[in-house]
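Asks: Sharing a structure below in structure tokens format, with a few things to ask.
Only the coordinates and a few stated rules stand behind these numbers; no lab work does. None of the values given here were measured: they were computed from a predicted structure. Glycine also receives a Cβ, built like all others from the backbone with ideal geometry; neighbour counts cover every protein chain displayed.
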């Protein structure tokens, strides 16, 4: 599906809609009337488009019921407890809202590991496909009741992009509390809405502010740009629109108000999965000669390694950094961290004596690597 404008999102084959906490919850209570208008829009879209929802709100809802301070985000234990209670309420809200249009809602809770591990990723993909085939609307959320700071997405913007990959979606629609990406802080005079982005470059990243405007959610504009980068690498369009109004999708698409990030890659499913993974086990730094070779499509060789960080095993995901610490990409390492340190900077003929066995073709093979 070729997405060239916001209005094209109505005609996509499969669309992921992300709903933020600030949209769904106000002063600890669900915005039921607003959700009813969104559910009506989802019902209308489903005439031609398969819909997956990624919904925040569990922690905010649970914190209100438990009477927890700071919206349930005062500590990890508070957030986990709030999520446990809030997931029940969140599932009920979506079941009732979609059920009013005779649509079956399906709750699907995932953790970072479910989409980082290849086998679990494929299982999640199969579940999403079967739910859609059965006519249900999957409502996905991070399982914050068990996730910790070290093993979590941390925001549902990036989760939505990863779910779109797993589901083979054409587009992601992030409903936010702002109109889209501005060229500077939107509170500043003269700030201009960026209507279309072709590639999330460092210049685009520099436009992002810090936290979410509401303080309820965990993802600000930077998280949304990270989600856009994941999506664009997988050949998926992503849009940010203002969801605070009633019937927000139609309002944004009819007026064409929002930011559309165009897909930039048509990578294989495996490379798209690799590019979207968020938790490298370590870092390999390389010299300028290796960077030049990578630019020509080569693999990472031991001779180009300058430093190794972290502890990882063979087959683990590692980040690749250049001489100035710049991120070059990521890939699956053919050696353990200890082996990488042993052959650091060595040419092929020197590696045999150091390892005690014939070296592999590469440290990170180009077929198992994606560039930033």
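Asks: Would you mind checking the tilt of helix 118-133 against the longest principal axis of the Cα atoms of the chain, expressed as 0 to 90 degrees and rounded to 10?
Replies: Relative to the chain, helix 118-133 is tipped by roughly 30 degrees.
Asks: Percent of Cα-Cα pairs more than 17 Å apart in the stretch 280-371, please. If you can, show how the numbers build up before the last one.
Replies: Numbers: 1651 of 4186 pairs.
Distances greater than 17 Å cover 39 percent of the Cα pairs.
Asks: Based on the alpha carbons, how large is the Rg to Rh ratio for the stretch 1-121 when Rh follows Kirkwood? Let's see the in-between values first.
Replies: Working: Rg = 16.1 Å, Rh = 15.8 Å.
Result for the stretch 1-121 is an Rg/Rh of 1.02.
Asks: What's the FRET efficiency of residue 13 with residue 101 using the Cβ-Cβ distance as r and R₀ = 22 Å, to the nearest 0.05? Before the final figure, lay out each step's value.
Replies: On the way: r = 20 Å, r/R0 = 0.92.
Efficiency, rounded to the nearest 0.05: 0.60.
Asks: Order 173-180, 291-298, 17-24 from most to least packed using the mean count of other Cβ atoms within 10 Å.
Replies: Details: 173-180: 24.2, 291-298: 13.4, 17-24: 26.0.
Packing proxy ranking, top to bottom: 17-24, 173-180, 291-298.
Asks: Also, quick follow-up: Order by neighbour count: 65, 224, fewest other Cβ atoms within 10 Å first, most last. Could you put the intermediate results ahead of the total?
Replies: Values: 65 14, 224 29.
Going from least to most buried by this count: 65, 224.
Asks: How large is the helix-only mean residue ellipticity at 222 nm for the chain, computed as the sum of -39500 (n - 2.57) over DSSP H runs with n ≥ 4, divided by its residue count, in deg cm²/dmol to the nearest 500? All intermediate terms of the calculation are to be shown ahead of the outcome.
Replies: On the way: 14 runs with 139 residues, N = 372.
Here the helix-only value at 222 nm equals -11000 deg cm²/dmol.
Asks: Based on the alpha-carbon set only, what is the convex hull volume of the chain divided per residue, in Å³? Could you put the intermediate results ahead of the total?
Replies: Details: hull volume 51.2 nm³, N = 372.
Given the Cα convex hull of the chain, per-residue volume reads 138 Å³.
Asks: Let me ask you something else. Note the full-extension length gain between residue 26 and residue 222 as 0.36 nm times their separation in residues minus their Cα-Cα distance, in nm to one decimal.
Replies: On the way: separation 196, 0.36 × 196 = 70.56 nm, distance 2.33 nm.
Answer, rounded to one decimal: 68.2 nm.
Asks: May I pose another question? Suppose R0 equals 45 Å; then what is the FRET efficiency for residue 2 and residue 306 from their Cβ-Cβ distance, rounded to the nearest 0.05?
Replies: Details: r = 42 Å, r/R0 = 0.94.
Efficiency computed from Cβ-Cβ geometry: 0.60.
Asks: How far, in nm, would the chain grow between residue 347 and residue 314 when pulled straight, counting 0.36 nm per residue and subtracting the alpha carbon separation? Can you show the working numbers first?
Replies: On the way: separation 33, 0.36 × 33 = 11.88 nm, distance 1.97 nm.
Full extension of this stretch gives 9.9 nm more.
Asks: Further, regarding this structure: Please rank 316, 254, fewest neighbouring Cβ atoms within 10 Å first, as an exposure proxy. Walk me through the numbers before you get to the answer.
Replies: Values: 316 17, 254 12.
Lowest count first: 254, 316.
Asks: Taking only C-alpha pairs under 8 Å that are 6+ residues apart, what is the relative contact order of the chain in percent? Numbers along the way, then the final one.
Replies: Working: 792 pairs, mean separation 53.2, N = 372.
Contact order relative to length: 14 percent.
Asks: For the stretch 92-130 and the stretch 1-62, what is the separation of their C-alpha centers, rounded to whole Å?
Replies: Here the answer is 14 Å between Cα centres.
Asks: Counting other C-beta atoms within 10 Å, which of 261, 312 has the fewest, and how do the rest follow? Walk me through the numbers on the way to the answer.
Replies: Numbers: 261 30, 312 21.
Fewest-to-most Cβ neighbours within 10 Å comes out as 312, 261.
Asks: In nm, to one decimal, how far is the residue 196 label point from the residue 120 one, both placed 7 Å along Cα→Cβ?
Replies: 3.9
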